[in-house]
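Take a look at the structure set out below.
The values are calculated or read from the model by the stated rules, or taken from the named source; none is laboratory data. Keep in mind that this is a model prediction, so the values were computed, not measured. Cβ sites come from the backbone with ideal geometry, for glycine too, and all protein chains shown count toward neighbours. Side chains included, ligands, DNA and RNA excluded: accessible areas come from the protein's heavy atoms. Shrake-Rupley method; radii C 1.70, N 1.55, O 1.52, S 1.80 Å.
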Amino acid sequence: MTLYPLHGPVVVTGRTPDGEAAALADALAEHARTVTQTVWETLKEWRARPPVSNEAAISELLAYAARDVGSGR
C-alpha cells in the first residue's frame, strides 16, 4: 500500500503575497501537527488492519483530517 511515500522530514510552510515561503500561522501549524499525529497513529493501526483499497485508505485519512481540523484538536 503506497499512498504517498515520504522518506525523511517534511516541512509545511505558508506563502507570502509575493510567493516566498513563510511560517504558518499558529492555528494552521497546530492543525498540521494534529493531522500528522493522526496519520501516524492510523498507519500504525493499518499494520494489523490494512484498508481494503488505496481509495478506502485515502477516504479514511481525509475523514480523520476533516474531523481533526473541524474539532479544533
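Of the conditions (1) in contact with a Gly (Cβ under 7 Å, 6 or more places away or on another chain); (2) at pLDDT below 85, P9 satisfies every one except a single condition; which number is it?
(1)
Is there any pair with a first residue in region 51-71 that is farther than 18 Å from Q37 by Cβ and a second that is part of a helix (DSSP H, G or I) and open to solvent by less than 70 Å² (accessible area, probe 1.4 Å) whose Cβ atoms are under 7 Å apart and which are 6 or more apart or on different chains, and what are they?
P51/A57; P51/E60
Which one is farthest from G14 (Cα to Cα) among residues in region 25-46 that are open to solvent by 60 Å² or more (accessible area, probe 1.4 Å) and not hydrophobic (A, V, I, L, M, F, W, C)?
Taking the candidates together, the pick is E45.
Restricting attention to region 23-56, report how many residues are among the aliphatic types (A, V, I, L, M), over 16 Å from the mean Cα position of the chain (by Cα) and at pLDDT 90 or above. It would help to see each step written out before you state the result.
So in region 23-56, the residues among the aliphatic types (A, V, I, L, M) come out as 23-25, 27-29, 32, 35, 39, 43, 48, 52, 56.
Narrowing further to those that are over 16 Å from the mean Cα position of the chain (by Cα): 23, 25, 48, 52.
Next, only the ones that are at pLDDT 90 or above stay: 48, 52.
The total comes to 2.
Does region 59-72 contain any residue that is in contact with a Leu (Cβ under 8 Å, 6 or more places away or on another chain), modelled with pLDDT under 90 and surrounded by 10 or more Cβ atoms within 10 Å (Cβ to Cβ)? Even if it seems obvious, please write down each step before you answer.
From region 59-72, those in contact with a Leu (Cβ under 8 Å, 6 or more places away or on another chain) are 61; that's our starting set.
Then keep just the ones that are modelled with pLDDT under 90; that gives none.
The answer is no, given that none of the residues of region 59-72 is in contact with a Leu (Cβ under 8 Å, 6 or more places away or on another chain), modelled with pLDDT under 90 and surrounded by 10 or more Cβ atoms within 10 Å (Cβ to Cβ).
State all residues of region 47-58 that are in a helix (DSSP H, G or I) and open to solvent by less than 70 Å² (accessible area, probe 1.4 Å); if no residue qualifies, say none.
The answer is N54, A56, A57, I58.
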